[in-house]
Amino acid sequence: MKAVFFDFVGTLITKRGENRTHLNIIREVLRRSGREDLDPVAIWEEYEKESSALFKGLAGKPYVKIRDVDTEALRRVAERHGFTVPEDFWEISLKMHARYGELFPDAVETIKALKGLGLHVGIVTDSDNDYIEHHLGALGIYELFDSITTSEEAGFYKPHPRPFQLALEKAGVKPEEALYIGDNPAKDCVGAKNVGMLSALLDPSGERRELWENCDFVISSLKDVIEIVKGLKG
């Protein structure tokens, strides 16, 4: 075992923090539009449904800018409720992500421990380049990673093989020498396994139990990765 790669949202940063971020994005958009009479939670829930549906359709497909997908999702909601999407919506989004993003409590400890074992530690994420760079910088962990591979750079969304292959090329390792950790069995485990990598699913609550068979390992916390890697290294 020579390399470990992580997904980002839901794996290194919590969904709770992401939800809080998106809710505050909606609050700011409504404030800018003079529509603070609208319920931000209800608008946020509509936005999440639109965004999830759009992104679900992009799985494994050629890359399109996430900023455009997010903007389109919010535009659809805005059209129904009579408010406008600010021209600097993406800048608002980046600012809120930097302010409200939340790492899992054992993320930094785990990353440092893996690097201490002499491993290449990277990220493979469905992301625009500016989003991941801005967010990692705000969290203070950008410099911890040996490589960062985005769907923008790879030209495809997971589970397409290209993001994983590009990450392996950057690390200079064979697929069987790498482990990928994510929170989405269909995109993360299946995508990694399809190129010959081992995969681990982060599922703290066990809510994805019916999909565990797609993954080589299932973990309840990030620090479990350390013991898995030690075992694989022999």
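The values are calculated or read from the model by the stated rules, or taken from the named source; none is laboratory data. Just so it is clear, the structure is predicted and the values come from calculations on it, not from any experiment. Note: ideal-geometry Cβ built from the backbone for every residue, glycine included; neighbour counts use all protein chains shown. Ligands, DNA and RNA are excluded from the accessible area calculation, which covers all protein heavy atoms including side chains. Shrake-Rupley method; radii C 1.70, N 1.55, O 1.52, S 1.80 Å.
Under the convention that each Lys and Arg Cβ holds +1 and each Asp and Glu Cβ holds -1, the size of the dipole of the chain around its Cα centre is about 300 debye. Dividing the summed -39500 (n - 2.57) terms of all DSSP H runs of n ≥ 4 by the residue count of the chain sets its mean residue ellipticity at 222 nm at -15000 deg cm²/dmol. For the chain, the longest principal axis of the Cα atoms and the long axis of helix 66-81 meet at an angle of about 30 degrees.
In this structure, residue 99 and residue 186 have a Cβ-Cβ separation that, at R0 = 25 Å, corresponds to a calculated FRET efficiency of about 0.25. Candidate values [x] -0.41, -0.61, -0.99; [y] -0.47, -0.66, -1.00; [z] -0.54, -0.75, -1.03 were compared with log10 I(q)/I(0) by the Debye sum over Cα atoms at q = 0.10, 0.12, 0.15 Å⁻¹ computed on the shown model; the agreeing label is [y]. When 49, 174, 193, 158 are compared by accessible area at a 1.4 angstrom probe, the order from most to least is 49, 174, 193, 158. Close amide H partners of residue 180, meaning residues 5 or more places away or on another chain with modelled amide H under 5 Å apart, are 5, 198, 199, 200.
Seen against the Cα atoms of the chain and their longest principal axis, helix 107-116 is set at about 30 degrees.
Tell me the angle of helix 224-233 to the major Cα principal axis of the chain, expressed in degrees between 0 and 90 and rounded to the nearest ten. Computed tilt is about 30 degrees.
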